[in-house]
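The values are calculated or read from the model by the stated rules, or taken from the named source; none is laboratory data. Here the structure is a predicted model, which means the values were calculated and not measured. All Cβ positions, even for glycine, are placed from backbone atoms using ideal geometry, and neighbour counts span all protein chains on display. Accessible surface areas use protein heavy atoms only, side chains included; no ligands, DNA or RNA. Shrake-Rupley method; radii C 1.70, N 1.55, O 1.52, S 1.80 Å.
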Amino acid sequence: MAIKIGSRIHICKIAGTNAGTGSPDKPLNAIPLDNANAEIYIRNDINHPFQPISKSALKKELKWSKIYFSKLSRAQQQEAQSSLVQENQDSKLKPNAKLDISKYEHLPFVRIDEAINYVDKQVKIAGWVHRQRVQGKKMKFLVIRDGYGFLQCVVGSDLCAIVDMQELTVESSINLFGTVKKVPEGKQSSNGIELIVEAFEIISKAPGGDEAFGNILNAEASPSIQLDNRHMVLRGETASSCIRFRSLTLKAFRDYFDSKNLCEVSPPLLVETQAEGGSNVFAVDYYGNPAYLTQSSQLYLETALPSVGDNYCITESFRAEHSVTRRHLSQFTHVEAELGFITFDQLLGFIEDMPPQKPFLRMEYTDAIQWLQRNNIERDVYVNDVKVGQEPYKFGDDIVESAERTMTDTIGQPILLTRFPVELKAFYMKKCPLNPALTESVDVLMPGVGEITGASMRISDYAELIKAYEREHIDPSPYYWFTDQRKYGSVEHGGFGLGIERYLAWILNRHTVREVCLYPRFTGRCSP
Ligand code: 4AD
């Protein structure tokens, strides 16, 4: 749409068309999406004058226009495709000509991420049709995805005359044979190269019509449709990049632990104990006896210390969360480590060394309470589960997620929030030697996401641990193996757990942790 940025665009909901110019006498029917800075005038009735659009109407109109243009572009593509079919059926080329690919079969099979090393050479590429665009009457641009990257492929008129190419559908799998070329100066492609296709072979056709990929997933697909079709969403650019980045991140954590000489261990996921309190455990029937899906592998890592020394695991943890928030999952990947013969300060240093930037702001729980008081952030007061008002935060209050996030987002940098009161934290946390009301604990808070890591020094004294079980009304018998660590050569130790999805949501700036899971599990969702 050739409208000057900053100019006035007139939209008429009755007489506007997509062929209009945006002037008052030739109004448009939708707001061109690339003209965000234009002044929009609108009328809903041809007998009324054009009026500047209100803020709320603009928001609604933009949403509608986005859907309209995405439908229009699909319709135009289909039209161009069928005119190409017609054109070729009319031409001398046989539409159903069979391609002889035997002379291409010797070509090296190259993954898209390696194609850059084959400029001016003939190769075979295999993948899925990610997008296709018909250019003019006799040319097609395909974007092929192979899981390693995306490659633009140019299909000329001879090949476009073949029925299989004319009827090619998005998400079909395909072999392409051709020459890798640098894209001509001034033209764009994501990796600076394209494939000039000389022959092709469809491996498996994806459906068209109602079942076409674009009819399942498009701009109109609601979040729940997207979740039901997560297997399809994963084929998209954003989702696949998140999953690949997740893999690189897990490797980076393993490399970091390896550089510090930590041993990777594989703890059980079916357990009899509750590491983080009983309210959100998944109970399972284990051969007729009660068991749980693990909330954290920490207790097991502690027992591996005298066996293999400092150790870590990257494995699944489960929380039967009842609230639906953008940072809670029922199953998440937990990066946990346990370090022996350390002090609280050394534990903080180890955690700080892991993420990309340091130092982090260090803030004690008591300072956070004062910060909330100074900034008039109050906590809700409930009587019998009914909210009866608000009051200023005071020492001993659990800082709720929203207050914690407001504080972290306002401060705007990573925070190591330390020394929480004993009552707010898990039974195993060591008390501060100078103030036994507090624990040697830390939460790592990141802007935009909130808590991504929970950590602490652990109680090393046998009698103190027994008292902690009592205080929390925990039956110590199923924990005998954990207690034994304090009996058979106890040492000072501490560790942490980091939720990889929260870490990724922070670093990739994603709205929710669900976007960085292969298949998210959260309240009520267990499919696909
Ligand atoms: O703070 P948490 O509950 O700490 C523990 O489980 C300790 N036993 C860890 C340890 O010291 N080894 O959980 C640690 C981290 C949180 O900071 C968060 O990143 C993640 O695990 N996490 C969740 N992530 C997604 N959804 C949930 N429901 C989560 N619960 C915890």
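If I ask for residues that are open to solvent by less than 70 Å² (accessible area, probe 1.4 Å) and touching a strand residue (DSSP E or B) at 6+ places or on another chain (Cβ under 7 Å), which ones from the range 202-225 would you list?
Scanning the range 202-225 gives I202, S204.
Test D34 against the stated conditions and say whether it is modelled with pLDDT under 75 and either under 35 Å from the mean Cα position of the chain (by Cα) or open to solvent by less than 90 Å² (accessible area, probe 1.4 Å) (or both). Walk me through how you get there before you give the answer.
Details: modelled with pLDDT under 75: yes; either under 35 Å from the mean Cα position of the chain (by Cα) or open to solvent by less than 90 Å² (accessible area, probe 1.4 Å) (or both): yes.
Against the criterion (modelled with pLDDT under 75 and either under 35 Å from the mean Cα position of the chain (by Cα) or open to solvent by less than 90 Å² (accessible area, probe 1.4 Å) (or both)), D34 qualifies.
Quick one: count up the residues across the range 483-515 that are in a helix (DSSP H, G or I) and either near the ligand (Cβ under 8 Å from one of its atoms) or open to solvent by less than 20 Å² (accessible area, probe 1.4 Å) (or both). Don't jump to the end; show me each part of the working.
Going through the range 483-515, the residues in a helix (DSSP H, G or I) turn out to be 483-486, 500-507, 513-515.
Still in the list and also either near the ligand (Cβ under 8 Å from one of its atoms) or open to solvent by less than 20 Å² (accessible area, probe 1.4 Å) (or both): 483, 486, 500-505, 513.
So the answer is 9.
Please enumerate the residues belonging to the range 26-59 that are of a type in the set (G, A, S), in a loop (DSSP other than H, G, I, E, B) and farther than 16 Å from A15 by Cβ. Working first, answer last.
Narrowing the range 26-59 to residues of a type in the set (G, A, S): 30, 36, 38, 54, 56-57.
Now restrict to residues that are in a loop (DSSP other than H, G, I, E, B): 30, 36, 38, 54.
Within the range 26-59, A36, A38, S54 qualify.
Which members of the range 444-455 meet the condition of being near the ligand (Cβ under 7 Å from one of its atoms), open to solvent by less than 10 Å² (accessible area, probe 1.4 Å) and without any contact (Cβ under 8 Å) to a residue 60 or more places away in the chain?
Selection gives I452 alone.
Given the options E185, E171, E198, name the one that is crowded, with 17+ Cβ neighbours inside 10 Å, acidic (D, E) and on the phi < 0 side of the Ramachandran plot. Full working, then the answer.
Numbers: E185 fails: crowded, with 17+ Cβ neighbours inside 10 Å; E171 fails: on the phi < 0 side of the Ramachandran plot.
Unique residue meeting the criteria: E198.
When G277 is evaluated against the numbered criteria (1) under 20 Å from S456 (Cα atoms); (2) without any contact (Cβ under 8 Å) to a residue 40 or more places away in the chain; (3) not hydrophobic (A, V, I, L, M, F, W, C), which criterion, by number, is the only one it fails?
(2)
Of the conditions (1) within 15 Å of I9 (Cβ to Cβ); (2) in a helix (DSSP H, G or I); (3) modelled with pLDDT under 85, Q81 fails just one. Which one is it?
(1)
May I ask you to list the residues in the range 239-268 that are of a type in the set (A, V, I, L, M) and within 24 Å of L465 (Cβ to Cβ)?
From the range 239-268, those of a type in the set (A, V, I, L, M) are 239, 243, 248, 250, 252, 262, 265; that's our starting set.
V265, the sole residue that qualifies.
Looking only at helices (runs of 4 or more DSSP H) that lie completely in the range 334-427, which have at least 2 residues being under 30 Å from R486 (Cβ atoms) and under 28 Å from the mean Cα position of the chain (by Cα)? I'd like the intermediate steps shown before the answer.
Numbers: elements: 344-353, 365-374, 401-411.
Qualifying helices (runs of 4 or more DSSP H): 344-353.
If you scan the range 290-301, which residues turn out to be of a type outside the set (F, W, Y) and either at pLDDT 95 or above or near the ligand (Cβ under 10 Å from one of its atoms) (or both)? Give the derivation first.
Looking only at the range 290-301, we keep the residues that are of a type outside the set (F, W, Y), and these are 290-291, 293-299, 301.
Selection gives A291, L293, T294, Q295, S296, S297, Q298, L299, L301.
Could you go through the range 474-482 and let me know if any residue there is over 17 Å from L347 (Cα atoms) and β-branched (V, I, T). Show your work before the answer.
To start, the set of residues in the range 474-482 that are over 17 Å from L347 (Cα atoms) comprises 474-482.
Of the ones still in play, those that are also β-branched (V, I, T) are 474.
Yes, the conditions are met somewhere in the range 474-482.
I'm checking my understanding of the structure. Among residues of the range 374-392 that are under 14 Å from T410 (Cα atoms) and of a type outside the set (V, I, T), which one is least open to solvent (accessible area, probe 1.4 Å)? Let's see the steps before the verdict.
Filtering the range 374-392 for residues under 14 Å from T410 (Cα atoms) gives 374-377.
In the following step, the residues that additionally are of a type outside the set (V, I, T) were identified as 374-376.
Details: R374: 160, N375: 70, N376: 126 Å².
For the range 374-392, the residue satisfying everything is N375.
Conditions tested, residue by residue: (1) part of a strand (DSSP E or B); (2) open to solvent by 50 Å² or more (accessible area, probe 1.4 Å); (3) farther than 24 Å from E167 by Cβ; (4) modelled with pLDDT of 95 or more.
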position	(1), (2), (3), (4)
S73	no, yes, no, no
V85	no, no, no, no
K92	no, yes, no, no
N96	no, yes, no, no
D100	no, yes, no, no
L107	no, no, yes, yes
Q132	yes, no, no, yes
K137	no, yes, no, no
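Those residues that are of a type outside the set (D, E) and more than 14 Å from R458 (Cβ to Cβ), I need them from the range 474-494; list them, please. Steps first, answer last, please.
Of all residues in the range 474-494, those of a type outside the set (D, E) come to 474, 476-483, 485-491, 493-494.
Answer for the range 474-494, where residues must be of a type outside the set (D, E) and more than 14 Å from R458 (Cβ to Cβ): I474, P476, S477, P478, Y480, W481, K487, Y488, G489.
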